[in-house]
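The next block holds one structure in the form of structure tokens; read it before the comments.
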Amino acid sequence: MGAIRLAQPISGWLIAGVAALVAIALVSFVSLGAMTKKARVTGITIPITGSISIAAPSSGLLMHSHVKEGDIVHAGQILFELSNERQGEKGEITALVAQQLATRQQSLESEQHLRRAQALDKQQALNLRLNNLNNEAAQLEQEISLLQRRHLLAQDSVTKYQTLQNNGYVSAAQTQQKQEELIDIATRLSTLKRASLQQQASKLAIAAELQQVANNLATDQVQLERALA
């Protein structure tokens, strides 16, 4: 009897070959391959040469762009055209703002003139009061000077009458009358001196008020000038 041989179908050989190739590929990947690790980072990406920020002098609407992404630009080159003219329900906002600013400036200038006029009127009234007080003070000084002379004469008269009374030439009643005249003159002189002191105090108060008016006017003008700037 001879040897027995079993014939295998071709599909089995193909399957075995494919399995062998897959096994070889897996072994090669494990031994030679590398795996990239994943990591999560925060931040932003920027060009390697850096970036710059472009800011317009004022805000507005972009009307036209002279460049596109990726273009090379040079210093002084026009990049964008902006318009600050905006439209609102009542028309162009820029014109409305300009009108409001003009109205505000006119109002501030009117306020400035009014403050000056009010300060000038008050200064004139105070100066008039001060001039009247100066005239009254001059007249009062003359009255005080005359009354002081009369007071000296009355003192001399009382002294003489006392001497005459001691010698029997005049009566005590006459001497007493001269003494009463002296007291009356002294009282009037004291009253005039008090009035003079009151006038001096009033003059100082008016002078201080004049200075205060000038200071207030200067402060108001500075504030209005700042508001107008």
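Candidates in the stretch 197-207 are the residues that are touching a Leu at 6+ places or on another chain (Cβ under 9 Å) and either small (Gly, Ala, Ser) or farther than 25 Å from residue 132 by Cα (or both); of these, the one that is surrounded by the fewest Cβ atoms within 10 Å (Cβ to Cβ) is 207. Each residue in the stretch 95-108 was checked for being in contact (Cβ under 8 Å) with a residue 60 or more places away in the chain and surrounded by 13 or more Cβ atoms within 10 Å (Cβ to Cβ), and 1 of them qualify.
Yes or no, residue by residue, for (1) touching a residue at least 12 places away in the same chain (Cβ under 8 Å); (2) under 30 Å from residue 110 (Cβ atoms); (3) surrounded by 13 or more Cβ atoms within 10 Å (Cβ to Cβ):
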residue: 144; (1), (2), (3): yes, no, yes
residue: 151; (1), (2), (3): yes, no, yes
residue: 158; (1), (2), (3): yes, no, yes
residue: 165; (1), (2), (3): no, no, yes
residue: 178; (1), (2), (3): yes, no, yes
residue: 195; (1), (2), (3): yes, no, yes
residue: 209; (1), (2), (3): yes, yes, yes
residue: 217; (1), (2), (3): yes, yes, yes
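Please verify whether the stretch 118-140 includes one or more residues that are surrounded by 11 or more Cβ atoms within 10 Å (Cβ to Cβ), under 21 Å from the mean Cα position of the chain (by Cα) and at pLDDT 85 or above. Checked the stretch 118-140: no residue is surrounded by 11 or more Cβ atoms within 10 Å (Cβ to Cβ), under 21 Å from the mean Cα position of the chain (by Cα) and at pLDDT 85 or above.
The values are calculated or read from the model by the stated rules, or taken from the named source; none is laboratory data. None of these values were measured; they are calculated from a predicted model. Every residue, glycine as well, gets a Cβ built from its backbone with ideal geometry; the counts of neighbours run over all protein chains shown.
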